[in-house]
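Working notes, beginning with the structure itself.
The values are calculated or read from the model by the stated rules, or taken from the named source; none is laboratory data. Because the structure is a prediction, the values reported are computed rather than measured. Using ideal geometry, Cβ is built from the backbone for each residue, glycine included, and neighbour counts are taken over all protein chains shown. We work out accessible area using only protein heavy atoms, side chains counted, and drop any ligands, DNA or RNA first. Shrake-Rupley method; radii C 1.70, N 1.55, O 1.52, S 1.80 Å.
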Amino acid sequence: AALVTKPSLLLLDEPIADLDEQATDRVIALLTELHASTGVTIIIAEHRWAVLASIADVRLELDVEADEPDSRVSTSVSMSAHGTGPRYDSKITPLVAPNGAGKTTWLTAFAKTHAAHVRLVPEDPALLFSRATVEAECAHNDRLARVTRGTTGQLLRRLVTDVPMDAHPRDLSTGQRLALACALQ
């Protein structure tokens, strides 16, 4: 499952958690570029709304009293048929709720329910890494996604140009790890 397979929706679980203002700005710029270059719709689970307001098309809030993941969103995410799967009307959407309200649970349940068209990047992007180098991660992902060799690496370099392909993925900066995780997903 990779961005190179053109999912309809990318779910990000607190991608700016614990980042300072400069790193947050870089991640927001990365997400804006990712959306512009791939056209993928992005839902971001986050409790810091203000920093995402400038890029958001829609703001969703969880109903913390609801039990079912699909019923917890107070503003619906509407889908329409397009191509091989659903397309989501909003482009960049923060899912806002306080800590412990169930943002991660909702994202995970939503991703599982719509697995053919949705990819989830966890709060800790390193959870997606299983290879010794960035290059090996990209090559492995190309094989899994059954795409032309080098496709994931090209997407990664479009997102962040300065990623050392011979580095261990966990040795990358926070922004580089997020970019790699987005390219893999």
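One table, with the values for the structure above:
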| read-out | value |
| --- | --- |
| Condition check for Thr104: within 14 Å of the chain's Cα centre (by Cα), farther than 24 Å from Lys6 by Cβ and either assigned to a helix (DSSP H, G or I) or in contact (Cβ under 8 Å) with a residue 40 or more places away in the chain (or both) | yes |
| Single match in Asp13, Asp20 (criterion: modelled with pLDDT of 85 or more, within 21 Å of Glu123 (Cβ to Cβ) and touching an Asp or Glu at 6+ places or on another chain (Cβ under 6 Å)) | Asp13 |
| Total residues in region 52-74, condition part of a loop (DSSP other than H, G, I, E, B) and either at pLDDT below 80 or surrounded by fewer than 17 Cβ atoms within 10 Å (Cβ to Cβ) (or both) | 13 |
| Filter result (loosely packed, with under 14 Cβ neighbours inside 10 Å and out of contact with any helix residue (DSSP H, G or I) (no Cβ under 6 Å at 6 or more places or on another chain)) within region 26-47 | Ala29, Ala36, Gly39 |
| Residue under evaluation Arg26, criteria (1) in a helix (DSSP H, G or I); (2) modelled with pLDDT under 85; (3) of a type outside the set (A, V, I, L, M), criterion not met | (2) |
| Looking only at region 151-167, and only at residues there that are open to solvent by less than 60 Å² (accessible area, probe 1.4 Å) and not in a helix (DSSP H, G or I), the one that is nearest to Thr32 (Cα to Cα) | Val160 |
| Region 128-150, residues that are not in a helix (DSSP H, G or I) and not small (Gly, Ala, Ser) | Phe129, Arg131, Thr133, Arg146, Val147, Thr148, Arg149 |
| Qualifying positions in region 108-124 - part of a helix (DSSP H, G or I) and either under 19 Å from Leu180 (Cβ atoms) or more than 14 Å from the chain's Cα centre (by Cα) (or both) | Ala109, Ala111, Lys112, Thr113 |
| Residue satisfying all of: in region 85-129; among the β-branched types (Val, Ile, Thr) and modelled with pLDDT under 80; farthest from Gly175 (Cα to Cα) among these | Val96 |
